[in-house]
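Chemist: Mind looking over this structure? Questions follow.
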Amino acid sequence: MLTVIIPTYNEEQNIVPLTKRICRSLKGKTFEILFVDDSNDGTTKVLEELSRENPQVRFIHRQNQRGLATAVVEGFRAARGDVLAVMDADLQHPPEVLPRLLKSIEKGNDLVIASRFVPGGEDGGLTPFRRMISLTARVIGRLALKKVRPVNDPLSGFFMLKKEVIEDVPLSPLGWKILMEVLVRGRYHRPAEVPYVFERRRNNHSKMNLTEQVNYLRHLVRLVLSSPEDLRFWKFCLVGTTGVAVNMFFFLLFTRLFSLDVVLSALLATSLAIFGNFLLNDLFTWTQQKEDHLLGRAVKFYLCSGAGMVINVAVLSALHCYLRIPAILANGAGILASTAWNYYANNRWTWASTTSPLANEKPDSQ
């Protein structure tokens, strides 16, 4: 059975038309509609009347509680179906997409996201300002969390999953986006994305405000801290940043205090910075018990770092000399490329015995 979970907060005018569209879209299917309501207007009364008239409609009214994500989690717990859908009540998520999501689940996918950013999808329901905020949030989320990167629309509030994906999974949502937590913590193997057109809001106004944006950033930090591989990567970046400071300190020390040659000073400073980075990474980033010798790990780290410097220079030269990209931007791209290389190589080689690689899970766009 399918349970359609809909969190509501003061959506009095939308409940009835939304329910009618869902029932038309899922005609012939076994389903229930579960509203999780935090409203303080007439929405609750509408839900009471609707649930009496339609046996497929249930609702939970929460007193003195707010929060879209926590409402969805409560819906997960109360749902009777073995397949769960989540959508908003403001009519921006067209219920006519539900059969396509369900068909994808029936084909074997265990998490299906209604996406605005795969071919056939559109986000025309957002104002230009909201589009900018949404883009910024997506970029930050995909940079911060590995499991989010393959997904085109990780902030979608419209998705469907098998109940087993989140069963017995500790969810601690914060703010307005629950999908990102499902992507990071959920037990899924075959994710997919289905295109849809995000419709314009017809009644009421957006619930998104500065507080919710701050909560989103707090939630990202919490997810990073709870994800060992993501936390390891950001520790590696933090160590790399301290390495830059160490490099500059010794470079100035050698050139100004000891009056050494600039090239020699740069080589010595870089070597000391790399050694400092190795020690910090060995103690702080890869904290598991090591099986090989410290000297062996140090040699591997130096080799990886040397290859990283070559990659940095190669990317800088290619972008600046051949594509005429400004030097500072080209150097930034080189740093990003070498950082990615250094982390990947060290994770898979230098400290390979202490980490287990995770399989990449790529959603199948449909």
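Chemist: Please verify whether the stretch 221-234 includes one or more residues that are outside any helix (DSSP H, G or I), at pLDDT below 90 and under 21 Å from ASN346 (Cα atoms).
Modeler: Within the stretch 221-234 (the criterion being outside any helix (DSSP H, G or I), at pLDDT below 90 and under 21 Å from ASN346 (Cα atoms)), the answer is yes, since at least one residue qualifies.
Chemist: Follow-up question, since we're still on this one. Can you pull out every residue in the stretch 333-362 that is modelled with pLDDT of 80 or more, open to solvent by 30 Å² or more (accessible area, probe 1.4 Å) and out of contact with any Gly (no Cβ under 7 Å at 6 or more places or on another chain)?
Modeler: Within the stretch 333-362, ALA333, ILE335, LEU336, ALA337, ALA340, TYR344, ARG348, TRP349, ALA352 meet the criteria.
Chemist: Still on this model: Collect the residues in the stretch 238-268 that are open to solvent by 50 Å² or more (accessible area, probe 1.4 Å), of a type outside the set (S, T, N, Q) and under 19 Å from TYR344 (Cα atoms), keeping them in residue-number order.
Modeler: LEU238
Chemist: Another question, then. With the structure loaded, tell me whether LEU217 is in contact (Cβ under 8 Å) with a residue 60 or more places away in the chain and either buried (at least 16 other Cβ atoms within 10 Å of the Cβ) or under 22 Å from GLY157 (Cβ atoms) (or both) or whether it fails that test.
Modeler: yes
Chemist: I need a count of the residues in the stretch 62-77 that are in a loop (DSSP other than H, G, I, E, B) and touching a residue at least 24 places away in the same chain (Cβ under 8 Å).
Modeler: 4
Chemist: So, one more: Where residues in the stretch 269-283 are in contact with a helix residue (DSSP H, G or I) (Cβ under 6 Å, 6 or more places away or on another chain) and among the hydrophobic types (A, V, I, L, M, F, W, C), which of them is farthest from TRP351 (Cα to Cα)?
Modeler: Going through the qualifying residues, I end up with ALA269.
Chemist: Additional query: Of everything in the stretch 13-61 that's part of a loop (DSSP other than H, G, I, E, B) and among the small types (Gly, Ala, Ser), which residue is surrounded by the fewest Cβ atoms within 10 Å (Cβ to Cβ)?
Modeler: GLY28
Chemist: When you go through (1) in a helix (DSSP H, G or I); (2) at pLDDT below 90 one by one for LEU238, which number turns out not to apply?
Modeler: (2)
Chemist: I need the strands (runs of 3 or more DSSP E) fully contained in the stretch 78-192, keeping only those with at least 1 residues that are farther than 30 Å from GLN13 by Cα and of a type in the set (A, V, I, L, M).
Modeler: Here the list reads 111-115.
Chemist: For the stretch 62-80: of the residues being in contact with a Pro (Cβ under 7 Å, 6 or more places away or on another chain) and among the aliphatic types (A, V, I, L, M), which is surrounded by the fewest Cβ atoms within 10 Å (Cβ to Cβ)?
Modeler: VAL73
Chemist: Anything in the stretch 283-306 that is open to solvent by 80 Å² or more (accessible area, probe 1.4 Å) and of a type in the set (Ser, Thr, Tyr)? List them, or say none.
Modeler: THR287, TYR302
The values are calculated or read from the model by the stated rules, or taken from the named source; none is laboratory data. Remember, predicted model here, so these are calculated numbers, not experimental data. With ideal geometry, Cβ positions are generated from the backbone for all residues, glycine too; neighbour counts draw on all protein chains shown. Ligands, DNA and RNA are excluded from the accessible area calculation, which covers all protein heavy atoms including side chains. Shrake-Rupley method; radii C 1.70, N 1.55, O 1.52, S 1.80 Å.
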